[in-house]
Amino acid sequence: MKITPTKIKDCLLLEPNVFEDERGSFIESFKKQNLENALGFKIDFVQDNISISKKWVLRGLHFQINDYSQAKLINVVRGRVLDVVVDLRKDSATYGQHFKIELDSIDRKLLFIPKGMAHGFLSLADDTIFSYKCDAYYNQAAEGGIFYNDPDLAIDWEYPGNRFILSEKDLQLTPFKTI
């Protein structure tokens, strides 16, 4: 597995080895030892989540605070997404900056997102299956979010916003400067 750092510290792009033959393919999508060696610290995933989204569904930008902050390992099982990570760590050199990448089930790349990030994605295909491991349990009381189109973050979602489908909850998220 090839592991490449992104512009945000500890946010890593993982490219698994894919073995294909006439029967199909085999992918080792996660190996704890390899990820921990790249990070330089231990990771213990405790919860797996899957979302299935129609084309143009935008989920996020979500985060958990304090002891419930979550590191995530994300994977697009089917379909394609534009994935966005925003650094919320005030002591970070990349605080307030974002990283975005298109992920799909063809390239099979994964993204490790460290604690202290807001995260969201835009589904670019119908029936996109988005899977992610978390190293802390979800806690509704610790949940937060930033409006996807926040002017201070200036994220270019690359597609016309009038197509996006957002939940009522995501339409009510707060501006970055209030976090």
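Couple of notes before you dig in:
- The condition of being surrounded by 13 or more Cβ atoms within 10 Å (Cβ to Cβ) and under 30 Å from Lys32 (Cβ atoms) holds for only one of Asp135, Asp127, that being Asp135.
- Being farther than 12 Å from Ile8 by Cβ, assigned to a strand (DSSP E or B) and in contact (Cβ under 8 Å) with a residue 24 or more places away in the chain is a condition met by at least one residue of the range 93-107.
- Among the residues of the range 138-162, those that are among the polar types (S, T, N, Q) and either surrounded by 10 or more Cβ atoms within 10 Å (Cβ to Cβ) or closer than 12 Å to His62 by Cβ (or both) comprise Asn139, Gln140, Asn149.
- Residue match in the range 55-78 (condition: of a type in the set (Asp, Glu) and in contact with a strand residue (DSSP E or B) (Cβ under 6 Å, 6 or more places away or on another chain)): no
- Verdict on Ala118 being in a strand (DSSP E or B) and among the hydrophobic types (A, V, I, L, M, F, W, C): yes
- Within the range 48-66, the set of residues being among the polar types (S, T, N, Q) and assigned to a strand (DSSP E or B) comprises Asn49, Ser51, Ser53, Gln64.
- Here Ile165 passes the criteria (1) loosely packed, with under 14 Cβ neighbours inside 10 Å; (2) modelled with pLDDT of 95 or more except the one numbered (1).
- Selection within the range 76-92 - surrounded by fewer than 19 Cβ atoms within 10 Å (Cβ to Cβ), assigned to a strand (DSSP E or B) and not charged (D, E, K, R): Val77
The values are calculated or read from the model by the stated rules, or taken from the named source; none is laboratory data. The structure presented is a predicted model; accordingly, all values stated were derived computationally and were not measured. When we count neighbours, we look across all protein chains shown, and the Cβ atoms used for this are built from the backbone with ideal geometry, even at glycine.
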